[in-house]
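Novice: Supplied in structure tokens, the structure appears directly below.
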Amino acid sequence: MSIYITDWLLKGMVMESNQLDAVFTALADPTRRAILARLAEGEASVAELAAPFAMSQPAVSKHLKMLERAGLVSTAVDAQRRPRRIEGTPLAEAAGWLERYREIWERNYQRLDALLEEMKGLEHQARKGRKQ
Amino acid sequence: MTGKVSIVASGERELVITRMFEAPPHLVFEAHTVPALMKRWFTGPDGWVLATCEIDLRPGGTYRHEWKHEDGRTMGMGGTYKAVDAPVRLVATELFDEDWTGGGTVNTQLFEAVGNQTRLTTTVLCASAEARDNMLNSNMEAGIAASYARLDAVLAGAPIGEEV
């Protein structure tokens, strides 16, 4: 039941920003996360990125395209190597999104805290009433 | 007073959401199962109200929630109770009208007494690992954990791709 907040925010935020959707799609794949982790260490060419994976360079390029579409990776201007580098902003937005939905969830639960205080009070009164 | 909500991934398909409440389990359980009480807190972000809340609280019974925004938007979801064990456990399926969870989820809520408090543990079982990861984006953390220190710099807006 409580998970509705997750869905809700996915819906709201994704409609708000197609790029955020692209970010989460891009991050849903382990190879792309590994590429991102590698790029977090510093920029690298397609050949360098392909090396640790049992994958062809075109396959890695395909993953890179998805990461680029999400704005997570960019290509540095270097005609020879065309090194890829990680971009910070979309990740920061994704992290902000996660924090926002946690906050909305927490706000729901704070309303529940207030309601429970009220319920405890009523229960206490009822018990006192029975004793008298 | 009470701890903040914690959301963690578990296994391949689960999310586990935990929070403490300053009330005994029977009250927390009641607040989760009585429509008039649900409407008081289960409202979501500002501007929304839980307009419809129908609960048939028995195994095999269904529930239906509909939210309305002041600008006219609506959103609904519902499901079926698989187990109702008042006041300690609720198991129910959940599916949104627009399926955001990749096939719906099965949610188990445990209401556990801790002194005068209640620990509410909600385990959300997703239809697939992908659906789970998309929902929480939990693997973003796991996948990049190895270079977290570097990622922190990224998030802080430090220049990337330069020699450190």
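Novice: Translational D (Stokes-Einstein, µm²/s) of the range B:52-127 at 25 °C and 0.890 mPa s when Rh comes from the Kirkwood sum over C-alpha pairs?
Specialist: Approximately 181 µm²/s, per Stokes-Einstein.
Novice: In nanometres, what is the gap between the two model label sites at A:Ser61 and B:His26, each 7 Å from Cα along Cα-to-Cβ?
Specialist: 6.9
Novice: Another one. For B:Arg19, A:Arg102, A:Arg111, what's the fewest-to-most ordering of other Cβ within 10 Å of each Cβ?
Specialist: Ranking B:Arg19, A:Arg102, A:Arg111 by Cβ neighbours within 10 Å, fewest first, gives A:Arg111, A:Arg102, B:Arg19.
Novice: Say R0 is 45 Å: what FRET efficiency, to the nearest 0.05, do A:Phe53 and B:Asn116 get from their beta-carbon distance?
Specialist: About 0.25, to the nearest 0.05.
Novice: While we're looking at this one, here's another question. Which FRET efficiency, nearest 0.05, do B:Ser10 and A:Lys131 yield, Cβ-Cβ r, R0 41 Å?
Specialist: FRET efficiency, B:Ser10 to A:Lys131: 0.35.
Novice: A further question follows. At 4 °C and a viscosity of 1.567 mPa s, what translational diffusion coefficient does Stokes-Einstein give for the range B:1-80, taking Rh as the Kirkwood radius over Cα pairs? Give it in µm²/s as a whole number.
Specialist: 88
Novice: Oh, and also: For labels at B:Ala36 and B:Lys68 in the simple 7 Å Cα→Cβ model, what's the distance in nm?
Specialist: The two pseudo-label positions are separated by 2.0 nm.
Novice: Something else now. Taking 45 Å as R0, compute the FRET efficiency from the Cβ-Cβ separation of B:Thr52 and B:Glu130 and round it to 0.05.
Specialist: Efficiency computed from Cβ-Cβ geometry: 0.90.
Novice: Can I ask one more? Project the alpha carbons of the range B:6-136 onto their principal axes and report the range along each, largest first, in whole Å.
Specialist: 42, 35, 30
Novice: Just want to confirm a number: the relative contact order over the range B:1-115, from Cα pairs under 8 angstrom separated by 6+ residues, in percent.
Specialist: 16
Computed from the coordinates by the stated procedures, all read-outs in this text should not be read as laboratory data. Here the structure is a predicted model, which means the values were calculated and not measured. Cβ sites come from the backbone with ideal geometry, for glycine too, and all protein chains shown count toward neighbours.
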